[in-house]
1. Going by the structure shown, is THR284 buried (at least 19 other Cβ atoms within 10 Å of the Cβ), in a loop (DSSP other than H, G, I, E, B) and touching a residue at least 12 places away in the same chain (Cβ under 8 Å)?
2. Among the residues of region 51-63, is any of a type in the set (Val, Ile, Thr) and closer than 24 Å to ARG324 by Cα?
3. Can you tell me which residue within region 581-591, out of those that are surrounded by fewer than 16 Cβ atoms within 10 Å (Cβ to Cβ) and either modelled with pLDDT of 80 or more or assigned to a loop (DSSP other than H, G, I, E, B) (or both), is nearest to the chain's Cα centre (by Cα)?
4. Quick check, is VAL570 touching a residue at least 12 places away in the same chain (Cβ under 8 Å), surrounded by fewer than 21 Cβ atoms within 10 Å (Cβ to Cβ) and under 25 Å from ARG154 (Cα atoms)?
5. Of everything in region 120-144, what is assigned to a loop (DSSP other than H, G, I, E, B), surrounded by fewer than 16 Cβ atoms within 10 Å (Cβ to Cβ) and not acidic (Asp, Glu)? Give them in sequence order.
6. Of the residues that sit in region 505-550 and are among the hydrophobic types (A, V, I, L, M, F, W, C) and in a loop (DSSP other than H, G, I, E, B), which one is farthest from PHE342 (Cα to Cα)?
7. Here is a check on your reading of the model: is LEU330 in contact with a helix residue (DSSP H, G or I) (Cβ under 8 Å, 6 or more places away or on another chain) and not in a loop (DSSP other than H, G, I, E, B)?
8. Within region 333-368, count every residue that is part of a loop (DSSP other than H, G, I, E, B) and either more than 15 Å from the chain's Cα centre (by Cα) or hydroxyl-bearing (Ser, Thr, Tyr) (or both).
Amino acid sequence: MKPEPIVLPPEFKGQSFPIGPTLHPDGANFCLFSKHSTGVELLLFDTTEDTFPSRIIRLNPNINKTYHYWHTFVPGIRAGQRYGYRVIGPYDPHHGHWFDGDKTLLDPYAKAVAVPRQYQRNAFCKFGDAGVPAMKSVVCDTKTYDWENDEHPRRPFSKTIIYEMHVAGFTKNPNSGVSPEKRGTFLGLIEKIPYLVDLGVTAVELLPVFQFDAQDCPPDLVNYWGYSPVSFFAIHQAYGTSDDPLKVLDEFRDMVKALHRAGIEVLLDVVFNHTAEGGQSGPTLSFRGIDNSIYYTLERDKSQYANYSGTGNTLNANQSIVRRMISDSLHFWVKEMHVDGFRFDLAAILSRDEKGMPIETPPVLWDIESDPVLAGTKLIAEAWDAAGLYQVGSFVGDSWKEWNGKFRDDIRSFMKGDNGGISRFATRVIGSPDMYGDQNREPEQSINFVTCHDGFTLNDLVSYNHKHNEANKEDNRDGSNSDMSWNFGIEGPSADPQIEMLRARQVRNFLMLTLWSIGAPMILMGDEVRRTQHGNNNAYCQDNELSWFDWNLVNQCRDLFRFVKLIIEVRSQRDTARDEFSMSLSQLLDRRIITWHGVKLNQPDWSDHSHSIAVTVQSLSGDTAMHYMINAFTAPLEFEVPTHNDSVVFHWRRWIDTSLPSPDDICQLSDAAEISNNAYVVNAHTCVILVARLS
């Protein structure tokens, strides 16, 4: 039976700040921003599964409203209380208003969300009462957790190795060895921290952990990646070990604390560019029903959503209320949840104004850049959007690092054997000075990667010429059509030992180039053991073994794991005397002695048909040198090796040769074999690094 709304006495009018729910010893204050609404009701539910509230508190606009903030104090409220809002106003899409006074709406500032078992996304796409239980906001107290003196590691980018991973996919496979009740959870990830430590990564970049709509996907599938947020504060409930939305808060913090103890930072992939409500036909879950024209960027016909995200809507990030929400969200994750940094999905959208036009000084980005709470927090931009705005190399501010999509593309293209890429390849491995050299930025401005969650895994990059996304039920139309992949002659798995040898070699090439180029490297979960998605390059809706980490591969590919581990070990010792915070990329390149070669010394071939390059680099300290030889050609090439320069004699030892079988493909630097000849044959599709200690 539906209860009748009540109006609390004036002494419970509440306050307009803080926004969201705030617990007090004798109850809770609730505050919601809604400019264009004419009425608001606070709904209190006894359980997550309830369709109807047990209490309805109607807010009096003459008492419970200050400016555009609706507020009330409700005595007796405790942590765990389920609640939502009904917001009354005009349903007038052509003027940007989608109010629906029958819908139960999530509080944008709630720190937890409870998802009923009977939730049906499609039901909320219709106007009026959905007829099934809605997601509920949950009152939380985040101040009681014992952090046990946990502190942010504050590792500089120059010492950072990023591991992009999916919380659930890391341990959800039954062969993970994680106890069944912890598979696919934050606590399950804790059990695998020794693996991350052994590999040597220093930061995990978690795919979205904000509460998202798992039903935002084709029928009978599951939104697995999580780029479909319904909240920017709440943790995704399914990554907990129970249905208790308060318990998952503690489990997330347990994970952060455990990773910090292991010296590993926690970076979150955050989605401030769109929400799960989608376009005109999407569900009304929160923002659309609270104040659609405030939260979203609309077209000139305000019934239509601007779609710079490719997902149906675009968050109006530079609107003042939305800017504040984004800043408040980041503050929450840093202060209350001890997160160390953020990767901003489709961050170029955050540089668009309220009409969708790019602006030179986007307020929200400068808010983040100059925020003292976020000082020292890692900020990484995916500096493009789905509408073609591409800002790699020109993203605003001094603190932002950038996912370097040009590194990915140019490394892939050259190593695949495409013509015309030699100059771009050489530029990428020395930190992309064409983009960052004149900005007085540190060398780690570029986040270097060859693969990420979006696209082929590294194994599939060398095994498939074409995407195979049929399992996504979109007739293979989804996903990129331009992966610059190469299958070496056979599509998919091959029993041909020659093809498998070349694929394994190319995998090592890509990992070596990612981890040893100037910049901050990022590797994708499982690439270190050749995880495959069987050619699916858009596995966002595949919550199954296609996407999960296959722990059997750790034993099957232990040689590749060793290869990656040793490179990371040596990288961590590279240029230890350098002051990471005072040297720009241009200064670093000026202080190093860099000499380019081809197969002949001092004769680099920069022509469009060149597929090989060599370079000698002396360290900043002047006591070591490295000589790199890259052969992306289809046949072996003999490279001349320098014996001396004006001041020193080189006595070279081989550290890496990706064409050699393990354990000769890489070794500890102290075990590197001496090279006595003045020439070295570099096999087809091979990278070689020689090292010399200078006296």
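1. Answer is yes for this residue.
2. Looking for residues that are of a type in the set (Val, Ile, Thr) and closer than 24 Å to ARG324 by Cα, one finds none in region 51-63, hence no.
3. Only one residue fits best here, namely PHE581.
4. Taking the combined requirement at face value, the residue satisfies it.
5. GLN120, LYS126, PHE127, GLY128, GLY131, VAL132, LYS143, THR144
6. Here the residue is LEU546.
7. Against the criterion (in contact with a helix residue (DSSP H, G or I) (Cβ under 8 Å, 6 or more places away or on another chain) and not in a loop (DSSP other than H, G, I, E, B)), LEU330 qualifies.
8. 11
The values are calculated or read from the model by the stated rules, or taken from the named source; none is laboratory data. No experiment lies behind these values; they were computed from the predicted model shown. Neighbour counts are summed over all protein chains in view; Cβ atoms, including those assigned to glycine, are modelled from backbone coordinates with ideal geometry.
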